[in-house]
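The values are calculated or read from the model by the stated rules, or taken from the named source; none is laboratory data. Bear in mind the structure is a predicted one, so any value in this text is a computation, not a measurement. All Cβ positions, even for glycine, are placed from backbone atoms using ideal geometry, and neighbour counts span all protein chains on display. In case anyone asks, the SASA skips ligands and DNA or RNA and just uses the protein heavy atoms, side chains included. Shrake-Rupley method; radii C 1.70, N 1.55, O 1.52, S 1.80 Å.
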Amino acid sequence: MFAQVVVDISNDAVDRVFDYVALNDTKVGMRVKVPFAGRTVLGYVIGLSEHTDFDVKKIKSIIKNLESVPKLKPEILQLCLFLAKHFFLRLSDCIKLVIPSCVRLDSQHEIIEYDLTLLFDLDTAINLVGKRAKNQLSLLATLNEQGSLSYQKAVELFGRVSVNALVDKGIVLKNPHRKNRYQYDSNQKTIKNILTVSQSNAVNIIEHQNKTFLLQGVTGSGKTEVYMTIIEDCIKENKTAIMLVPEISLTPQMMDRFNSRFPNDVAVLHSGLSEGERFDEWDRIFNNKAHVVLGARSAVFAPIENLGVIIIDEEHDSSYVSESNPRFITHDVAEFRARYNSCPLILGSATPSIESYYKAKLGKYELVKLPERINGLQMPKIEIIDMINEVLDGNTSPFSKKLLSKLDDCIKRGKQAILFINRRGFASFVMCRDCGYRAKCDDCEVSLVYHKEDNELKCHFCGKRYKMLTNCPNCNSKNIKYGALGTERVVNELKSIYKNIPIYRMDNDTTRKKDSHKKILEEFATHTPSILVGTQMIAKGHDYPNVSFVGILDADVSLYNSDFKSNERTFQLVTQVAGRAGRKTNDGFVVLQTYAPKHYVYRYAVNYDYEGFYDKEINLRQTTGFPPFSNILRILISSVSDNKAKDVTKKIFDKAIELKEKYGKSIIFLQAMPSPVKRIQTKYRYQILTRYVPDDKITADFYNIADMIEKDVSIFVEVNPNNLR
Ligand code: ADP
Ligand code: ZN
Ligand code: ZN
């Protein structure tokens, strides 16, 4: 028998399947040790056959099978083959996506713990021990009282000798059990609601259908309740579910709701887990110990069997597209698995991505709507404030008069407010008023952000820190100007207005530590009145009943990103943030501050007119030839050496021009240029940008011309990237 083996080496030259002689119990999906180029390396068996096309005498044998139960289940192996083909990835990289490194490389192991229990009634046990062994008697008493005790704890309390003596005598039983390092302490009990008519309609339409659904429900329309009902029904049929959220650590409420609804049946997978926790959760899923997987994008690869539904919540969120190698699009992966299991895939959002809505219009997805908030609540009123007028009126503070009066009103009524500013730090840049010098990172072509708390300048691209300037390094002037405000400054200014009210800040700086999101949100939830200031982190899925006011301080931050998605992203952000207000009472109010009050994004957003926005935007995309009417493909070439990066760019671009000749008008746009951010982490960056009528052949050809190995140069291809920087 011959085994087809993928070797675990990331190198294009070995991106092939090699044949080895299989061992007796070698199975498909197993990790094995194989000889390769004079070394012993890790490999994965992706097939077995009686025949080989190679010279039988030269074929080497597998050295060792690394497991008895293959780590790659049949569905996941099929998924790897799909990933490789669909996203132009190496098979070994695909396997890295689906099996976490702690499992693949055996860097973590299960931990066995022991419990002690009494094997006799207390009196019998005491007689067997005799009156002199004080410690042993105390342990017996404790066990009698508590029923059981962990071995570890017993050793701490009564000493190893006594504990072991009782076990050896057969009076106390030492039972092994598997420790789960991941513990979610949730005391939150959430109630199960009786579904509204729209909700149960949605459930009925979706259940058991082998289709993709776009569930569009305004914020607070009860989408999560729909998901949970469908999952519950799956579990009743002994099926399983994957529920994806943009970043689970941002939404502890979702964890609470799921844990309370499906106790001991939810496994989580996300980037915030320690290696040990990830190992245990992955293993629980692998051994079918949980029916529900809840997690961020990579949870879509969970080795769960017998799926009854896959859900992508907030499907428009950019985190569903990975920005580094191996790059994949979560929707496509989920679609593959849903079809493999003949089950529904639900894409949920209040503001679907233009691309998904377009697919719904074409009939590729079935659109299901939840048009109203629960209990007939109104959507909060959004008022646009023209900040130019504020300046003309002599108000140079970051808060308009209207915002201040509404905020004050909210606080006086003992309610909560959320202020949203999509910029962290104190000021977005610092510069010299006299000579125009602007502080930049040594390693990246970007301005440094001022963080007042640490009195430092920080690079938001590479994390490098610098001392704050007191004088201009160029002309020595003390006349320093601060750039646009961020979360830190907003909190500062608010503190001078509200001295006795808790003000919380949630951004990348305040949430570095494990569980810090959860702590901030718990604090916020339990204090009224209070104010929460934050970046887009606060836009996602939070459901706090006392929030009645939302202020969007600088809505334009995402509007002028100069990429084709900036309108869409701004519309989504405004709608999502506004959606945090008035979720339980009809007093929600939103102030939106902008310097472009007439922009159509805001015009539609204030009316919650998704359809209107979509029609305008899709029309624009069609006339300008942007996705979904074209694909944007970017080849990013980067290197510490500017010249090498330029040379490789030129080489690839020459080939790209040949493609342009080959495909003619189908290629709408093709250009090579420095990237918008010319240098990141000491690497110079160039890009070849193209737009073409969607066609897999063209995509494949572009991947092909970029597929070259150049020393000290990295080449990265993205189709329809979220970010062009
Ligand atoms: P979405 O996910 O669409 O933003 P949620 O599922 O979070 O909406 O629901 C919004 C709020 O309404 C939550 O507090 C939820 O508990 C509540 N809710 C949802 N469905 C019902 C229902 N059928 N009856 C009563 N309350 C509900
Ligand atoms: Zn200066
Ligand atoms: Zn930097």
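Observations, loosely collected:
- Looking only at segment 331-349, residues that are touching an Asp or Glu at 6+ places or on another chain (Cβ under 9 Å) and either at pLDDT below 95 or in a helix (DSSP H, G or I) (or both) come to 3 in all.
- Test result for GLU710, of a type outside the set (Lys, Arg), surrounded by fewer than 18 Cβ atoms within 10 Å (Cβ to Cβ) and under 30 Å from LYS464 (Cβ atoms): yes
Every residue, every condition in (1) surrounded by fewer than 22 Cβ atoms within 10 Å (Cβ to Cβ); (2) out of contact with any strand residue (DSSP E or B) (no Cβ under 9 Å at 6 or more places or on another chain); (3) on the phi > 0 side of the Ramachandran plot, yes or no:
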{"position": "GLY170", "(1), (2), (3)": "yes, yes, yes"}
{"position": "ASP185", "(1), (2), (3)": "yes, yes, no"}
{"position": "GLY220", "(1), (2), (3)": "no, yes, yes"}
{"position": "PRO246", "(1), (2), (3)": "no, no, no"}
{"position": "MET255", "(1), (2), (3)": "yes, no, no"}
{"position": "SER260", "(1), (2), (3)": "yes, yes, no"}
{"position": "PRO263", "(1), (2), (3)": "yes, yes, no"}
{"position": "ALA267", "(1), (2), (3)": "no, no, no"}
{"position": "GLY272", "(1), (2), (3)": "yes, yes, no"}
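- When every residue of segment 263-278 is checked against the conditions, none turns out to be hydrophobic (A, V, I, L, M, F, W, C) and within 30 Å of PHE571 (Cβ to Cβ).
- Taken over segment 629-660, the criterion of being touching an Asp or Glu at 6+ places or on another chain (Cβ under 7 Å) and open to solvent by 30 Å² or more (accessible area, probe 1.4 Å) is satisfied by VAL640, SER641, LYS644.
- Selection of segment 18-54 for residues being of a type in the set (A, V, I, L, M, F, W, C), surrounded by 14 or more Cβ atoms within 10 Å (Cβ to Cβ) and more than 22 Å from VAL98 (Cα to Cα) yields VAL21, ALA22, LEU23, PHE36.
- Verdict on SER400 being in contact (Cβ under 8 Å) with a residue 40 or more places away in the chain, over 12 Å from ILE531 (Cβ atoms), open to solvent by less than 40 Å² (accessible area, probe 1.4 Å) and within 16 Å of ligand 3 (Cβ to nearest atom): no
- Residue in segment 415-465 that is least open to solvent (accessible area, probe 1.4 Å), counting only those that are within 16 Å of ligand 2 (Cβ to nearest atom) and free of Cβ contacts under 8 Å to residues at least 12 places away in the same chain: GLY436
- Of all the criteria given as (1) touching a Phe, Trp or Tyr at 6+ places or on another chain (Cβ under 7 Å); (2) surrounded by fewer than 24 Cβ atoms within 10 Å (Cβ to Cβ); (3) within 28 Å of LEU633 (Cα to Cα), the one not satisfied by GLU335 is (1).
- Tabulated pairs, segment 193-218, first over 23 Å from TYR610 (Cα atoms), second modelled with pLDDT of 95 or more and open to solvent by 30 Å² or more (accessible area, probe 1.4 Å), C-beta under 6 angstrom, 6+ apart or interchain: ASN210/SER342; LYS211/GLU366
- Check on ASP15, within 30 Å of ILE698 (Cα to Cα), of a type outside the set (Lys, Arg) and open to solvent by 20 Å² or more (accessible area, probe 1.4 Å): yes
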